[in-house]
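Working notes for the structure below.
The values are calculated or read from the model by the stated rules, or taken from the named source; none is laboratory data. Only a predicted model underlies this, so the values are computations on that prediction, with no experimental measurement involved. Virtual Cβ from ideal backbone geometry, glycine too; neighbours counted across all protein chains shown.
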Amino acid sequence: MGLEQDLADFKAEFELTAPAGRAALYNSKVEELRAKFPLSGVLKVGDLAPDFSLPNAIGSYTSLEDVLKGGAAVVTFYRGGWCPYCNLQLRAYQAALPDIEALGARMLAISPQLPDKSLSTSEKNALKFPVLSDVRNSIARKFGLVYSLPEELRAALRSNGKELPGINGDESWELPVPATFVVDGDRRVVFSFVEIDYRRRLAPEDLVSALRSIAAARESAS
């Protein structure tokens, strides 16, 4: 069963078991965000990605510049380990990691959660790629991905014990919209996937297909 089906199944189960009105609230807020989010500000294919150096769960830093010395970088932004849709995505990407690395790319996962929360995410999902902490969304902001949760969603997360200030270490209640980029050696974005609806993610097979196309184009140009 693929990631898209897993996501759809989880969403369907949530709608059956969630508190009254919760699913409708989430649906309406996704559509509100879709209507107002400035997609024009998100990095596009051909744009120069900002360099960054971010800590992992144990305080070691990973920089985009260093990763690109070995090939392309797959940079995926997720909301945090508290988000079940994110965990499904990360596990699916872990399963696809051999194919991703065989095509000369390295995976990096970035969220605004504090490093100790990233450690939990990495261990829970048995991830073998860097899980990095972008506290205050400083890098996600440069990619054009950041938005602030409305009060109704803040209240819903409080009721679930998922208060973002305690998870992310700041009072902004800001998150990145889920997005995955492929950045080539010259820091140019060569593939971009952005989805306003956090319940939908780039399928790993589509990511691998994009990497295969990028590799083929690189070979034909050399």
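Here is how the numbers come out for the structure above:
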{"read-out": "Test: residue 189 is closer than 22 Å to residue 70 by Cβ and in contact with a Lys or Arg (Cβ under 8 Å, 6 or more places away or on another chain)", "value": "yes"}
{"read-out": "Positions within region 159-186 being part of a loop (DSSP other than H, G, I, E, B) and touching a Pro at 6+ places or on another chain (Cβ under 9 Å), in sequence order", "value": "169, 170, 171, 172, 173"}
{"read-out": "Residue that is farthest from residue 46 (Cα to Cα) [pool: residues in region 177-222 that are among the polar types (S, T, N, Q) and touching a residue at least 60 places away in the same chain (Cβ under 8 Å)]", "value": "180"}
{"read-out": "Which numbered condition residue 200 misses (of (1) surrounded by 15 or more Cβ atoms within 10 Å (Cβ to Cβ); (2) touching a helix residue (DSSP H, G or I) at 6+ places or on another chain (Cβ under 6 Å); (3) in a loop (DSSP other than H, G, I, E, B))", "value": "(2)"}
{"read-out": "Selection count where residues are over 27 Å from residue 75 (Cα atoms) and loosely packed, with under 14 Cβ neighbours inside 10 Å, scope region 145-160", "value": "6"}
{"read-out": "Residue check, residue 135 touching a Ser or Thr at 6+ places or on another chain (Cβ under 8 Å) and among the β-branched types (Val, Ile, Thr)", "value": "no"}
{"read-out": "Residue within region 92-106 that is under 21 Å from residue 146 (Cβ atoms) and modelled with pLDDT of 95 or more present", "value": "no"}
{"read-out": "Number of the exception - residue 57 against (1) of a type outside the set (Val, Ile, Thr); (2) modelled with pLDDT of 95 or more; (3) at negative phi", "value": "(2)"}
{"read-out": "Close pairs (7 angstrom Cβ cut-off, 6 or more residues apart or separate chains): on the phi < 0 side of the Ramachandran plot in region 126-149, crowded, with 22+ Cβ neighbours inside 10 Å and of a type in the set (D, E, K, R) anywhere", "value": "140/134"}
{"read-out": "Members of region 30-64 that are without any contact (Cβ under 8 Å) to a residue 40 or more places away in the chain and of a type in the set (Asp, Glu)", "value": "31"}
{"read-out": "Search result, residues across region 120-143 that are buried (at least 18 other Cβ atoms within 10 Å of the Cβ) and assigned to a helix (DSSP H, G or I)", "value": "121, 122, 137, 139, 140"}
